[in-house]
Amino acid sequence: MRRVGIHGAGVLGMTPGSAHLGGDAPHSLYFNGSNAYVDCGNHASVMDLHAGDFTVDVYYQYTGVTPDYSYLVAQGASGEGWMIYYHETFDRFVSLARDNWALVRNIVAAAGTWYYVRFRKSVGSIMLSVDAGAEGVDAAGGPVDTYAGNLVLGMNSAFGLPLKGRICYVHIWNNNQGALGAVPTSPFAVDGNTAARYTFSEGSGGTLGDDVGNSNGSITNATWSTEVPAGWSL
């Protein structure tokens, strides 16, 4: 069962501050803006996304000035594959599929604030929203070209550009899940369209588990944290 909370609907950025939890509570990974990332491999379930519609959700905490073009999640390079990043200089979140861009502008990220980002692609367009707000939209010129590189969290495997901040949830579907009506307070359930889902429940160790079982991630220099969005539960 999936739960959706109304506390964040249509608001750019949750209230700053996070719940500090323990025990079996959800966790996040902190990326240091230098050399931290999670390599999730190149399983066919993720590599095949370029052929049709897909959706990617990422829950990200901005922790202070981050390197420009800081990649939240990427399976692509210029002209190939897809990616999501935060552009510090221009205060915007950006998604890219092939050479098509969707932007959510004028977000001056605040340290300690969590942002729920949804990137979705259909045959005719790509769309990006932050905290279930208005979507940035761009026309998509057909299928996304195949990119042979791995799926990576916190960096781009083609040209680096590391992330500074925390991530507590990533969910990838092989269909268009539609626009968000509200920011969820727990992960969406795994279903027949889930290509990969990371709930960051481990809390320790060097592996980030994919709940589908195909694309477990190998953690390099990212550190576990008990800091998650207020109200977030597994």
Inset, instruction - Could you figure out which of (1) exposed (fewer than 15 other Cβ atoms within 10 Å of the Cβ); (2) without any contact (Cβ under 8 Å) to a residue 12 or more places away in the chain; (3) over 13 Å from SER45 (Cα atoms); (4) not aromatic (Phe, Trp, Tyr) isn't true of GLY192? - result: (3)
Inset, instruction - Go through the range 211-234 and give me each residue that's closer than 26 Å to TYR62 by Cβ and in contact with a helix residue (DSSP H, G or I) (Cβ under 9 Å, 6 or more places away or on another chain). - result: SER215
Inset, instruction - All but one of (1) assigned to a strand (DSSP E or B); (2) on the phi > 0 side of the Ramachandran plot; (3) surrounded by fewer than 17 Cβ atoms within 10 Å (Cβ to Cβ); (4) not hydrophobic (A, V, I, L, M, F, W, C) hold for GLY165, so report the exception by its number. - result: (3)
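Would you mind finding the one in SER201, SER186 that is at pLDDT 95 or above, part of a loop (DSSP other than H, G, I, E, B), in contact with a Lys or Arg (Cβ under 8 Å, 6 or more places away or on another chain) and more than 29 Å from VAL65 (Cβ to Cβ)? Walk me through it before giving the result.
Values: SER201 fails: in contact with a Lys or Arg (Cβ under 8 Å, 6 or more places away or on another chain).
Exactly one of SER201, SER186 is at pLDDT 95 or above, part of a loop (DSSP other than H, G, I, E, B), in contact with a Lys or Arg (Cβ under 8 Å, 6 or more places away or on another chain) and more than 29 Å from VAL65 (Cβ to Cβ), namely SER186.
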Inset, instruction - Considering every residue within the range 174-182, establish whether at least one is in a strand (DSSP E or B) and either β-branched (Val, Ile, Thr) or crowded, with 21+ Cβ neighbours inside 10 Å (or both). - result: no
Inset, instruction - Quickly run through the range 70-102 and pick out the residues that are buried (at least 17 other Cβ atoms within 10 Å of the Cβ), without any contact (Cβ under 8 Å) to a residue 60 or more places away in the chain and on the phi < 0 side of the Ramachandran plot. - result: ILE84, GLU88, ARG92, PHE93, VAL94, SER95, LEU96, ALA97, ASN100, ALA102
Legend entry - Enumeration of residues in the range 219-234 that are under 20 Å from PHE188 (Cα atoms) and either not in a loop (DSSP other than H, G, I, E, B) or not polar (S, T, N, Q) (or both): GLU227, VAL228, PRO229, ALA230, GLY231, TRP232, LEU234
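The values are calculated or read from the model by the stated rules, or taken from the named source; none is laboratory data. Owing to the predicted nature of the structure, the values given are computational and were not obtained by experimental measurement. As a convention, Cβ positions derive from the backbone with ideal geometry for all residues, glycine included, and neighbour counts pool all protein chains shown.
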